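Asker: I'd like to ask some things about the structure below.
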């Protein structure tokens, strides 16, 4: 930690700051410049103690030197994680995994039919929402446990592991009966009660980036889950909110190499939400693989115009099928397979 | 609802769109321009049905004409709401309410001492967090039920109603035993399970705007609570995320008159989080009152440099006291009192 | 300047970094933490040399300690500037100045009529655009020198000094013949050729913040003008681009106290562009004064529905007149006059 | 154009709106819903006339149906443009062009040496700045005409056409003597005087997106150039400003397919500025090609740690060389060559 004093900080103020740091059992080294004093704090500065120092008279800025996360840091494992979702492994040294399915589970027939379609095209993991976070309380809220049952049925028929969203900590026992991977949606990325709860689950967790969360915020939310003992977390970039209104969100592919340099966790990209316009999803999926994504999550619906949610961005089966060989070619071009 | 077709939409596509709209029991009126056809949908278009139409071949855009919210709309009540928090009423025709207290409840002595200080200065509602949403799992997470007890004790001693944050739907029964008003924090603004739960509470709810939520998102989240039967919701602007890094957030005071024109709900402003730098909180508090805020929420701590959270932005008691008469003068200047 | 090394920086890398710093004639003090080395650079580090250090192997971050601006810094003058625009002074110890007029000069009659109206209501400086920066090349581009002549005529009739926008460095001699203050629009805030040119003018310059410029960017653009010898610069907040789409821009009133703490320059607020919706301009004007603005810039048009630009945000004369006494009351409430 | 009235618009107001539209020589068709009236305007509505209608009493919203640009629209040419930069063609049906070189021209030797290096690796167009837009007036401002001479010399030696930035309309004759393509930087994207000036040049123009410009803003700025008669414009995505601070900008690859669907102009991506961190530039370059970029612009410097600008983001020659075959593989995977 580095403390920079204000230009006119008094000696008495500087002494009190140094004394406070020493109370924490830390040592300091002081550099005096022309107008400011720089106090370098030596020792394993506990993170929670940074803030009160910023509030002391005479302090201009407190700059953390250490990263605020530990378990999620690349250095913690000294290598990339490989995380099992059912029988599929997701990680940096693995095939680029293809997670696909509809936004919402709408019926037993619908989810089974789409599952068979996407499996045939090349997907290896099935997604589908039974509990749906919707901006409007008047929108379709999902089929609940029935939806989970239909998902499990599709898994039995196709052999694909299933991933589904959890919105309420009280639903965990129910969802654990049916799913192979839990999804935390963007709107719940900082629902810390939920993060702690899934941190105690035996299932892996796909954690979507909040649409105004910094990459460090995302990693800190993963840290909540890891700290509870669940080391199987996947990070998912799905578009952020910016001033640009040509698309619903701005897919932030900068996130892919940056997250991979900071953490050992697999990085998933969701181009469907990231651009939100069906005709452009394929290009963004290709770009995501080129940027180094460890998995893609793509929504597919066989009749988007009657989908109960997100119909305007789901790929139709024919577009999806046509996309797969191109994804494979790009994966190979960057030394991966899919 | 208005449907605009693509420039090269075929007659068959247009016919299918019109047929789909008529299936919903709605009527249409068609305007043909040089390159596009505009389909005006007549009747009480259900909101959930907009999206599938956008996914139909030949559709360029679907533009909703009606607002997506009902119960929160200004027109619904035909006037502004006045919402009771304990013995204090908050609303547009009332005194500008002053909600104050520390970020976190830290001990029985601390909360009581600060409560007495802010009451003496002019605050009428006490705030304090017992369950704290923190970006880092290693930061102080709040005292839990002990914190609630200390809050209730401070209420008994000072007569001020108390407001405290709820993060987990399972905590509602506990919090209801102690608090006069529930707070939903910015990070949980779209935690829909939590919104539904507090919608069934007898307590009023102060709903903070997510830091990348549009004003319509905020109103839709209020609508979740209202729809469950709890009509006592207050909206709180507390700063949004932008590219500007001079302050932690950008306080969006545009929100105040816009929210007041769209809804009947009281609008609260939190200048403390909105600028996040102690020395500038007073100016933003004054600006909030001038913009028309119905209540202010200001953090005060008697020893910010040892606060367990947000010490760098809490006002000290002397700054707070000095601010009150200036707030009163601005309130009077805009035809209110405080 | 503080240099933080990467966790695995070698001794050889650290030595090369230190050697480079010493080549600049600067001294260093080194603090060794558990995983990183912190190199505090002592001496008047030249700003332009920061970047190459960041590119050296082994460097994780270079953190400037000194502010990047000099002439604009509050400390440079040790007090606030008072800047004359014709016979009106604008600054922190002065009346809050009221700059008003139409977006564009449309005819001699129009600008004179509006000038008389706003003067009668209480404005002291007249604004009006003769060269208009428009997003579309098909929109009205301004009357050019004719517009300047009409402005000068309105000044003669009313005695109000006039402020008008300059877009092209080649127009300076012409504009100097007619205007009392130059305006640099948001889109030209980093048009450095133009900044240098107006830096050599005898006229004061009102510099509008680019709609995605940080406050430091804005101050650095002022520094360009100051460095050429023109010390009469006013900074103007006029709304930034954010994800929020309820208004055209987000008025960032945080900018007011922050700019006033960093610089000695007067801070002007333009609530008209800052919210862009006529019915809400008054509330934002009141908020700007409460936040500490040294001047307001408000568009007024007597027949907005035929205005050649920005008709939807200009106040009508009656709304403007009704606003003035409320602005005066708020100004008094915060210890100013208007 | 569609005009939506306010819920309580009077018949008199509606009649005045309709009368105004008819004054413009346009026809209307009126749809009456439960609470609002929708007025569809038929005919080639001139864009400049939209705004005054929004200011009329009783109008809630005016929604343009036609795109605001004409010459830049894909439909205008009915196919993609191929634009010559010296002997290299850039466009959708061409090789993906590789534009490379240092940020600034620093000396005759430096630019020649880098030009030879990047040419050998596979670049076909040389970039280098002689006039530099710098946030700080104290930073290196470029070598001016000397820099242009060094660029021209490097062209003679290597045969590569050169592209360089223009910041001031008065510099056009000088730059035209030496350059093959003009660059308009992000900060000047809405410097309309400069746009008009280069619109009269015989040289092609690479127009960089302002870092808070919407895609439509970018296209409208291209329209300024096209309208003056210069049809050779290339659009360049180079990162936008968002709340994320992990990188200097957020590269918006959504822009690539969206711009290609809206315009016939080639789309260039600058991954160097788009992520701003050397170690991650290669991944973003690969992603840009996968997303469909028609050209890449990548900064290379042989000794970044002494570069006079942007040293921390320039690739070293060895990283650049190693990247090329991977770029070629991705280009092939998406049906292009490089």
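The values are calculated or read from the model by the stated rules, or taken from the named source; none is laboratory data. Treat the numbers as computed from the prediction; the structure is a model and nothing was measured. Because the Cβ atoms are built from the backbone with ideal geometry, glycine has one as well, and the counts that use them run over all protein chains shown.
Asker: Got a sec? Which of B:167, B:160 is part of a loop (DSSP other than H, G, I, E, B), buried (at least 24 other Cβ atoms within 10 Å of the Cβ) and touching a residue at least 40 places away in the same chain (Cβ under 8 Å)? Quick ask: steps written out before the conclusion?
Answerer: Details: B:167 fails: touching a residue at least 40 places away in the same chain (Cβ under 8 Å).
Of B:167, B:160, the one residue that is part of a loop (DSSP other than H, G, I, E, B), buried (at least 24 other Cβ atoms within 10 Å of the Cβ) and touching a residue at least 40 places away in the same chain (Cβ under 8 Å) is B:160.
Asker: May I ask you to verify whether residue C:144 is in the same structural domain as residue C:241 (by TED's automatic domain parsing) and within 20 Å of the chain's Cα centre (by Cα)? I'd like the intermediate steps shown before the answer.
Answerer: Details: in the same structural domain as residue C:241 (by TED's automatic domain parsing): yes; within 20 Å of the chain's Cα centre (by Cα): no.
Judged against the criteria, residue C:144 is not a match.
Asker: How about segment B:244-265: which of its residues are more than 7 Å from chain C (Cβ to nearest Cβ) and part of a strand (DSSP E or B)?
Answerer: If the condition is that a residue be more than 7 Å from chain C (Cβ to nearest Cβ) and part of a strand (DSSP E or B), then B:263 is the only one that fits.
Asker: Of all residues in segment B:3-24 being part of a loop (DSSP other than H, G, I, E, B) and out of contact with any strand residue (DSSP E or B) (no Cβ under 6 Å at 6 or more places or on another chain), which is farthest from residue B:37 (Cα to Cα)?
Answerer: Start the filter on segment B:3-24 by keeping residues that are part of a loop (DSSP other than H, G, I, E, B), which leaves B:6-10, B:24.
Then drop every residue that is not out of contact with any strand residue (DSSP E or B) (no Cβ under 6 Å at 6 or more places or on another chain), which leaves B:7-10, B:24.
Numbers: B:7: 8, B:8: 10, B:9: 8, B:10: 10, B:24: 20 Å.
Residue satisfying both the conditions and the ranking: B:24.
Asker: So, one more: Since residue D:279 meets every condition but one in (1) assigned to a loop (DSSP other than H, G, I, E, B); (2) at the interface with another protein chain (Cβ under 8 Å from one of its Cβ atoms); (3) surrounded by fewer than 24 Cβ atoms within 10 Å (Cβ to Cβ), which condition does it not meet?
Answerer: Checking residue D:279 against (1) assigned to a loop (DSSP other than H, G, I, E, B); (2) at the interface with another protein chain (Cβ under 8 Å from one of its Cβ atoms); (3) surrounded by fewer than 24 Cβ atoms within 10 Å (Cβ to Cβ), the one that fails is (1).
Asker: For residues that are at the interface with another protein chain (Cβ under 10 Å from one of its Cβ atoms) and closer than 24 Å to residue C:66 by Cα, tally how many sit in segment A:6-36.
Answerer: 13
Asker: May I pose another question? Of the residues C:269, C:289, C:330, C:256, which is crowded, with 23+ Cβ neighbours inside 10 Å, out of contact with any strand residue (DSSP E or B) (no Cβ under 9 Å at 6 or more places or on another chain) and modelled with pLDDT of 95 or more? Walk me through how you get there before you give the answer.
Answerer: Working: C:269 fails: out of contact with any strand residue (DSSP E or B) (no Cβ under 9 Å at 6 or more places or on another chain); C:289 fails: out of contact with any strand residue (DSSP E or B) (no Cβ under 9 Å at 6 or more places or on another chain); C:256 fails: out of contact with any strand residue (DSSP E or B) (no Cβ under 9 Å at 6 or more places or on another chain).
Unique residue meeting the criteria: C:330.
Asker: Does segment B:156-172 hold any residues that are out of contact with any strand residue (DSSP E or B) (no Cβ under 8 Å at 6 or more places or on another chain) and within 11 Å of chain A (Cβ to nearest Cβ), and which are they?
Answerer: Of everything in segment B:156-172, those that are out of contact with any strand residue (DSSP E or B) (no Cβ under 8 Å at 6 or more places or on another chain) and within 11 Å of chain A (Cβ to nearest Cβ) turn out to be B:167, B:168, B:169, B:170, B:171.
Asker: So, one more: Kindly indicate which of A:314, A:307 is in contact with a helix residue (DSSP H, G or I) (Cβ under 7 Å, 6 or more places away or on another chain), more than 8 Å from chain D (Cβ to nearest Cβ), under 21 Å from residue D:258 (Cα atoms) and at pLDDT below 95. Walk me through how you get there before you give the answer.
Answerer: Working: A:307 fails: under 21 Å from residue D:258 (Cα atoms).
Every option except A:314 fails the conditions.
Asker: Name the residues in segment A:295-304 that are more than 13 Å from chain D (Cβ to nearest Cβ) and not in a helix (DSSP H, G or I), would you?
Answerer: At the first step, the residues of segment A:295-304 found to be more than 13 Å from chain D (Cβ to nearest Cβ) are A:295, A:297-304.
Answer for segment A:295-304, where residues must be more than 13 Å from chain D (Cβ to nearest Cβ) and not in a helix (DSSP H, G or I): A:295, A:297, A:298, A:299, A:300, A:301, A:302, A:303.
Asker: Moving on. Of the conditions (1) over 18 Å from the mean Cα position of the chain (by Cα); (2) buried (at least 24 other Cβ atoms within 10 Å of the Cβ); (3) not in a loop (DSSP other than H, G, I, E, B), residue A:155 fails just one. Which one is it?
Answerer: The one condition residue A:155 does not meet is (2).
Asker: Within 26 Å of residue A:314 (Cβ to Cβ), in contact (Cβ under 8 Å) with a residue 12 or more places away in the chain and over 27 Å from the mean Cα position of the chain (by Cα), is that true of residue A:113? Lay out the reasoning, then the answer.
Answerer: Values: within 26 Å of residue A:314 (Cβ to Cβ): yes; in contact (Cβ under 8 Å) with a residue 12 or more places away in the chain: yes; over 27 Å from the mean Cα position of the chain (by Cα): yes.
So residue A:113 fits the description; yes.
Asker: In the set D:237, D:228, which member is within 21 Å of residue D:88 (Cα to Cα) and assigned by TED's automatic domain parsing to the domain that holds residue D:316? Reasoning before the result, please.
Answerer: Working: D:228 fails: within 21 Å of residue D:88 (Cα to Cα).
Sole residue among the options that is within 21 Å of residue D:88 (Cα to Cα) and assigned by TED's automatic domain parsing to the domain that holds residue D:316: D:237.
Asker: Next question, about the same structure. Against the conditions (1) surrounded by fewer than 19 Cβ atoms within 10 Å (Cβ to Cβ); (2) outside any strand (DSSP E or B); (3) in contact with a strand residue (DSSP E or B) (Cβ under 6 Å, 6 or more places away or on another chain), where does residue B:53 fall short? Just the number, please.
Answerer: Only one criterion in (1) surrounded by fewer than 19 Cβ atoms within 10 Å (Cβ to Cβ); (2) outside any strand (DSSP E or B); (3) in contact with a strand residue (DSSP E or B) (Cβ under 6 Å, 6 or more places away or on another chain) is unmet by residue B:53, namely (1).
Asker: For segment C:85-106, how many residues are touching a strand residue (DSSP E or B) at 6+ places or on another chain (Cβ under 7 Å) and either within 16 Å of residue C:128 (Cβ to Cβ) or not in a loop (DSSP other than H, G, I, E, B) (or both)? Outline the logic, then answer.
Answerer: Applying the first criterion (touching a strand residue (DSSP E or B) at 6+ places or on another chain (Cβ under 7 Å)) to segment C:85-106 yields C:85, C:88-91, C:93-94, C:96-105.
This time we only want the ones that are either within 16 Å of residue C:128 (Cβ to Cβ) or not in a loop (DSSP other than H, G, I, E, B) (or both), so: C:85, C:88-91, C:97-105.
Count: 14.
Asker: Could I ask something else about it? Name the single residue, out of those in segment C:188-198 being facing another protein chain (nearest Cβ under 9 Å) and in contact with a strand residue (DSSP E or B) (Cβ under 8 Å, 6 or more places away or on another chain), that is surrounded by the most Cβ atoms within 10 Å (Cβ to Cβ).
Answerer: The residue in question is C:194.
Asker: Consider residue A:175 carefully, then state whether it is over 28 Å from residue A:275 (Cα atoms), at pLDDT 95 or above, crowded, with 23+ Cβ neighbours inside 10 Å and more than 9 Å from every other protein chain (Cβ to nearest Cβ).
Answerer: Working: over 28 Å from residue A:275 (Cα atoms): yes; at pLDDT 95 or above: yes; crowded, with 23+ Cβ neighbours inside 10 Å: yes; more than 9 Å from every other protein chain (Cβ to nearest Cβ): yes.
Yes: the conditions hold for residue A:175.
Asker: Here is a further query. Kindly list the number of the only condition in (1) surrounded by fewer than 24 Cβ atoms within 10 Å (Cβ to Cβ); (2) touching a residue at least 24 places away in the same chain (Cβ under 8 Å); (3) on the phi < 0 side of the Ramachandran plot; (4) over 12 Å from the mean Cα position of the chain (by Cα) that fails for residue D:245.
Answerer: Residue D:245 satisfies all of (1) surrounded by fewer than 24 Cβ atoms within 10 Å (Cβ to Cβ); (2) touching a residue at least 24 places away in the same chain (Cβ under 8 Å); (3) on the phi < 0 side of the Ramachandran plot; (4) over 12 Å from the mean Cα position of the chain (by Cα) except (2).
Asker: Quick check on segment B:211-226. Is at least one of its residues within 14 Å of chain A (Cβ to nearest Cβ), assigned to a loop (DSSP other than H, G, I, E, B) and either surrounded by 24 or more Cβ atoms within 10 Å (Cβ to Cβ) or in contact with a helix residue (DSSP H, G or I) (Cβ under 6 Å, 6 or more places away or on another chain) (or both)?
Answerer: Of the residues in segment B:211-226, the ones within 14 Å of chain A (Cβ to nearest Cβ) are B:211-226.
Those still in the list that are assigned to a loop (DSSP other than H, G, I, E, B) too: B:211-214.
Within this subset, residues satisfying the condition of being either surrounded by 24 or more Cβ atoms within 10 Å (Cβ to Cβ) or in contact with a helix residue (DSSP H, G or I) (Cβ under 6 Å, 6 or more places away or on another chain) (or both) are B:211, B:213.
Checking segment B:211-226: at least one residue is within 14 Å of chain A (Cβ to nearest Cβ), assigned to a loop (DSSP other than H, G, I, E, B) and either surrounded by 24 or more Cβ atoms within 10 Å (Cβ to Cβ) or in contact with a helix residue (DSSP H, G or I) (Cβ under 6 Å, 6 or more places away or on another chain) (or both).
Asker: Going through segment C:211-227 one residue at a time, which ones are touching a strand residue (DSSP E or B) at 6+ places or on another chain (Cβ under 6 Å) and over 18 Å from residue C:266 (Cβ atoms)?
Answerer: C:211
Asker: I'm told residue B:208 meets every condition in (1) within 13 Å of the chain's Cα centre (by Cα); (2) more than 14 Å from chain A (Cβ to nearest Cβ) except one. Can you identify the failing condition by its number?
Answerer: Exception for residue B:208: condition (2).
Asker: Would segment A:77-84 turn up any residue that is part of a helix (DSSP H, G or I) and either touching a strand residue (DSSP E or B) at 6+ places or on another chain (Cβ under 9 Å) or surrounded by fewer than 22 Cβ atoms within 10 Å (Cβ to Cβ) (or both)?
Answerer: Going residue by residue through segment A:77-84, those that are part of a helix (DSSP H, G or I) are A:77.
Now narrow it down to the ones that are either touching a strand residue (DSSP E or B) at 6+ places or on another chain (Cβ under 9 Å) or surrounded by fewer than 22 Cβ atoms within 10 Å (Cβ to Cβ) (or both): A:77.
Yes, some residue in segment A:77-84 is part of a helix (DSSP H, G or I) and either touching a strand residue (DSSP E or B) at 6+ places or on another chain (Cβ under 9 Å) or surrounded by fewer than 22 Cβ atoms within 10 Å (Cβ to Cβ) (or both).
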